[in-house]
Amino acid sequence: MQTANQITKLANGALHVPDHVEIPFIEGDGVGPDIWRASQMVFDAAVEKCFHGTKKVIWKEVLAGEKAFKQVGNWLPDETLQTIKDYRVAIKGPLTTPVGKGVRSINVALRQTLDLYACIRPVRYYPGVPSPFKEPQKVNMVIFRENTEDVYAGLEFAAGTKEAEELRATVERLSGKKVRAESAIGIKPMTSFASKRLIKMAIEHALEHKLPSLTLVHKGNIMKFTEGAFREWGYELAKEEFREKVIFEEELSSSSSNGKLIIKDRIADNMFQQVQLRPDEYSVIATTNLNGDYLSDALAAMVGGLGIAPGGNIGAEGAVFEATHGTAPKYAGQDKVNPGSVILSGKMMFDYLGWTKVGSMIDSALESTIKEKVVTYDLARGMTGAKEVSCSKFAEELIARM
Ligand code: NAP
């Protein structure tokens, strides 16, 4: 049953956010509970300081991961999915996914079931953060990663199984090529539908924020009909729907961009060196699922690591915001790690809700705290003269600077 505190979608597609809005959260595994506690403190303080009680968030815990498994025997209960669907916007800490075992990633399942088709990861430099790069301030990019297809589709068959052998025989028959016996086989489905809607969201973001360029990142020289098609579909969409507002890189030699969005593409391996050598030539990136995963962590490292790398998974019906990093199990329960990733994911969430004042307050408080060298262990280890604080203390220091 719908409550007065739930976000609803209006006939024009916009979200209606009540003043007292109820938002589901998943605490997360490993360092999740530490980070969540610190982040919630920051969110509540920022909302209070911006709206003095006229607006507030009512947090609603939903279960997933180890906590859900312990309490209800299910890693991702249907009730959790249904609640997030009904409430439209949620925020989560990281969840464990064992490598190479039969358990499918809960994160991937959440994104696929709720059709949160775009994973958006902004990457920018906060002054003072230790970086291995000479000019990290030149990094200012937003990655739009396709979230529902590619090798993440979960279509994998273990080596030696009947299914893998059957598939191997079919592939040999259809392709005329030999596939080694006892192969494990994974499938990489990609469609024009999913690629184009992701690229469309990325182009719209670039246009709305008047950003200079959009780069399609792919490995189309090798995987021609999947990654190569992603590139083709991208150019096709740009021509069909945005022709007046964009200019293609090859057209630039004869004219300037004239304030239009430059559309270009790069092969993924080249892109990894491009972003390191000439980061200021890249702004919005639209890419496939696996490329986007790798590129997000690499870019995060350039500006100080995963501790301050936020993300949002966005679809047509709602969004789930989450840190880029995982559960960092070795630090679980130590009140040690950097909560910045979830805090900045919250900033993205407030911007998405239209509470941009809250987002800006959080962002500038985080910036000042870091500038004054009050940081958690991860940033402290590369800074001279830093005051190292715990996860919860960092949140307190941030609130003190709001
Ligand atoms: P990870 O949890 O991201 O941690 C890797 C390293 O990154 C940590 O050891 C730590 O580096 C640094 N780090 C991560 N979070 C940090 C934070 N908040 N503050 C400071 N440093 C931080 O990666 P992993 O160890 O490969 O994965 C662990 C589990 O998380 C796996 O089960 C994986 O599947 C899952 N995972 C979940 C998500 C998600 O929920 N969205 C995403 C990725 C991975 P140092 O050791 O150098 O201090």
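The values are calculated or read from the model by the stated rules, or taken from the named source; none is laboratory data. Just so it is clear, the structure is predicted and the values come from calculations on it, not from any experiment. When we count neighbours, we look across all protein chains shown, and the Cβ atoms used for this are built from the backbone with ideal geometry, even at glycine. We work out accessible area using only protein heavy atoms, side chains counted, and drop any ligands, DNA or RNA first. Shrake-Rupley method; radii C 1.70, N 1.55, O 1.52, S 1.80 Å.
Listing for the model above:
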| item | result |
| --- | --- |
| The chain, accessible surface, carbon-and-sulfur percent (1.4 angstrom probe) | 53 percent |
| Prolate/oblate/rounded call for the stretch 131-195, Cα gyration tensor, a/c under 1.5 rounded | prolate |
| Lys/Arg +1, Asp/Glu -1 at C-beta; the stretch 120-183 dipole; positive extreme among ALA159, VAL139, VAL171 | VAL139 |
| Members of LYS224/LYS264; LYS9/LYS260; LYS196/LYS219; LYS188/LYS219; LYS134/LYS210 lying beyond 20 Å, as alpha-carbon distances in this model show | LYS9/LYS260; LYS134/LYS210 |
| Where labels lie 7 Å past Cα in the beta-carbon direction, separation of SER360 and ARG381 in nm | 3.6 nm |
| Sparse-neighbour loop sites [chymotrypsin sites (Phe, Trp or Tyr not before Pro); the stretch 195-239; at most 14 other C-beta within 10 Å; DSSP] | PHE225 |
| Amide N of the stretch 145-168 lying under 19 Å from the label point, which is placed 7 angstrom from the Cα of SER183 along Cα→Cβ | 150-168 |
| Antiparallel bridge percentage (DSSP; both residues within the chain; nearest 5) | 35 percent |
| Shape category assigned to the stretch 1-79 from the gyration tensor of Cα positions, a/c cut at 1.5 | oblate |
| At most 10 other Cβ within 10 Å, DSSP loop - trypsin sites (Lys or Arg not before Pro), the stretch 111-160 | LYS134 |
| FRET efficiency, SER192 to GLN137 (Cβ-Cβ, R0 51 Å, nearest 0.05) | 0.85 |
| Cα gyration tensor, the stretch 33-158 - rounded (a/c under 1.5), prolate or oblate | oblate |
| Probe 1.4 Å - accessible area at VAL246, Å² to nearest ten | 0 Å² |
| Accessible surface, per residue, of the stretch 306-402 when the full set of protein chains is kept, probe 1.4 Å, Å² | 36 Å² |
| The stretch 70-196, accessible area per residue, ligands and nucleic acids excluded (1.4 Å, Å²) | 54 Å² |
| Within the chain: Cβ-based charge dipole about Cα centre, in debye rounded to nearest 20 (Lys, Arg +1; Asp, Glu -1) | 400 debye |
| Mean ellipticity per residue at 222 nm, deg cm²/dmol - from DSSP H runs of n ≥ 4 across the chain, formula -39500 (n - 2.57) | -12500 deg cm²/dmol |
